[in-house]
Amino acid sequence: MPTKLIAQLSGFGGGSGVHRCISALAKVGLIARLKNAKYDGYRLTYGGLDYLSLNTYRKRNEVYSVGNQIGIGKESDIFVVADEKGAQRVLKIHRLGRISFRTVKANRDYLHNKSGGSWMYMSRLAALKEFAFMRALRENGFPVPEPIAQSRHTIVMSLIDAFPLRQIASVPNPPSLYAELISMILRLAQYGLIHGDFNEFNILIEEKTEQTSNESKPPQPGTSSPTASSNNVTLTPILIDFPQMISVDHTNAEMYFDRDVNCIKRFFQRRFHFTSNEPGPFFADARKLIGKDGAKRLDVAVEASGFSRKMAKELEAYMKEVGVDGDGEPGAKRGDENEEDEEEEEEEDGGESECKNSEGEDVEHNEDGAKSEKEDGRGRAQATSVKCSPSTGNAVCSAAGVISRVVVEDKT
């Protein structure tokens, strides 16, 4: 955006005041100077968009403080946050465009041919889609985090004290857990949905321990308790990560459904040495379940709630073009970083999930579990006192928001 236009829209006038505000924002990385432009101007960075989102949460009393980062992926960052009462939550920040140099180039080529397309706009669509599906799933009894709030490219959800499935070396009853996960895939289809990235990286295992008391003989002198207790451990799978979720009516629905099923089959064979004797389930079987027992078509309901078919097609086209299937490679370059910094490509070898993307290529996941730890409650830390200051937040966000309205909000 040209500097003169920023001065006009911000209401600060054309004096030195607007230049001081712009300089302050640029120093902390909330905006960046445009390069190779025919005019003097600035653009909003992901850092600036983050600040605007946090300021919105502050005004709505949904986020009071920000704690440690507990996960980083190719397309998102995950932080622990807290409200004014200290209740801990999870903040997920979508960062579409933060990918390796080769894919960034393909991404840019794609976006240049799309009117109105941008990484920030796509990140906002991803957040809107994930929040809408998470809320619909939660309302219909699916084991997903509780969606609390959404602003621009970010989501606030409940903190789940659980381990990602990929970090679990053994379970007491693999056949039972396998059956529960396959049942979840079929239940999603019953409600008209296919997850699209149903694998060990997007499944959390919540462990609940219940104590049961067994009556015994009266205690002898010197003993303390008339009962003996035993622990009953229950493992509950929690499903996360929904930007790639599609309808059962999608053109490639069968391919995505089969991929979800095969991901679970291969993981259980490799990790738990368990192979089911039953074939399938197959997509033809899943289609017979659609709407069964009065199940609501959530794909239709989400579209009616505001996440339109046009938005879904835009996001899907972007994700297909740049090869995005959920989160992945940590440490990759951001889409809003300088072009000079992207000249060198860095590649790291790590563990892989044996799942395939829509093009039949391997979907890589770093062995350190950076993707899978994004909502790992075990990695949380007490939220710190890094806050959006009411005294300075409004003034700073006023100038930064001018750029944001042009970059993001005009895409609504």
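The values are calculated or read from the model by the stated rules, or taken from the named source; none is laboratory data. Model, not experiment: these values are computed from the prediction. Here the Cβ positions follow ideal geometry from the backbone for every residue, glycine too, while neighbour counts run over all protein chains shown.
The set of residues in the stretch 118-149 that are over 12 Å from the mean Cα position of the chain (by Cα), in a strand (DSSP E or B) and not small (Gly, Ala, Ser) contains only 148. Among the residues making up the stretch 5-39, those that are at pLDDT 80 or above and either part of a loop (DSSP other than H, G, I, E, B) or under 24 Å from residue 95 (Cα atoms) (or both) are 22, 24, 25, 26, 27, 28, 29, 30, 31, 32, 33, 34.
Screening residue 60 against (1) within 20 Å of residue 124 (Cβ to Cβ); (2) loosely packed, with under 14 Cβ neighbours inside 10 Å; (3) touching a strand residue (DSSP E or B) at 6+ places or on another chain (Cβ under 6 Å) leaves a single unmet condition, (3).
Filter the stretch 175-195 for residues that are in contact with a His (Cβ under 9 Å, 6 or more places away or on another chain) and either modelled with pLDDT under 95 or not in a helix (DSSP H, G or I) (or both) and give the result. Reasoning before the result, please.
First, pick out the residues of the stretch 175-195 that are in contact with a His (Cβ under 9 Å, 6 or more places away or on another chain): 184-185, 188, 194.
Correct list: 194 only.
Pairing each residue of the stretch 154-174 that is more than 22 Å from residue 89 (Cα to Cα) with any residue that is aromatic (Phe, Trp, Tyr) and in a loop (DSSP other than H, G, I, E, B), provided the two are 6+ apart or on different chains, yields C-beta distances under 8 Å for 166/201; 170/272; 171/272; 174/272; 174/274.
Residues being out of contact with any strand residue (DSSP E or B) (no Cβ under 8 Å at 6 or more places or on another chain) and either surrounded by fewer than 22 Cβ atoms within 10 Å (Cβ to Cβ) or among the small types (Gly, Ala, Ser) (or both): count how many of those fall in the stretch 63-84. Of the residues in the stretch 63-84, 2 are out of contact with any strand residue (DSSP E or B) (no Cβ under 8 Å at 6 or more places or on another chain) and either surrounded by fewer than 22 Cβ atoms within 10 Å (Cβ to Cβ) or among the small types (Gly, Ala, Ser) (or both). So in the stretch 41-84, with the set limited to residues that are more than 19 Å from the chain's Cα centre (by Cα) and part of a strand (DSSP E or B), which one is modelled with the lowest pLDDT? Restricting to residues being more than 19 Å from the chain's Cα centre (by Cα) and part of a strand (DSSP E or B), the top hit is 41. One residue stands out in the stretch 158-174 among those that are in contact with a Leu (Cβ under 8 Å, 6 or more places away or on another chain) and in a strand (DSSP E or B): the one that is surrounded by the fewest Cβ atoms within 10 Å (Cβ to Cβ), namely 163. Please go through the stretch 85-102 and pick out each residue that is farther than 17 Å from residue 127 by Cβ, at pLDDT 50 or above and in contact with a Lys or Arg (Cβ under 9 Å, 6 or more places away or on another chain). Answer for the stretch 85-102, where residues must be farther than 17 Å from residue 127 by Cβ, at pLDDT 50 or above and in contact with a Lys or Arg (Cβ under 9 Å, 6 or more places away or on another chain): 88, 99.
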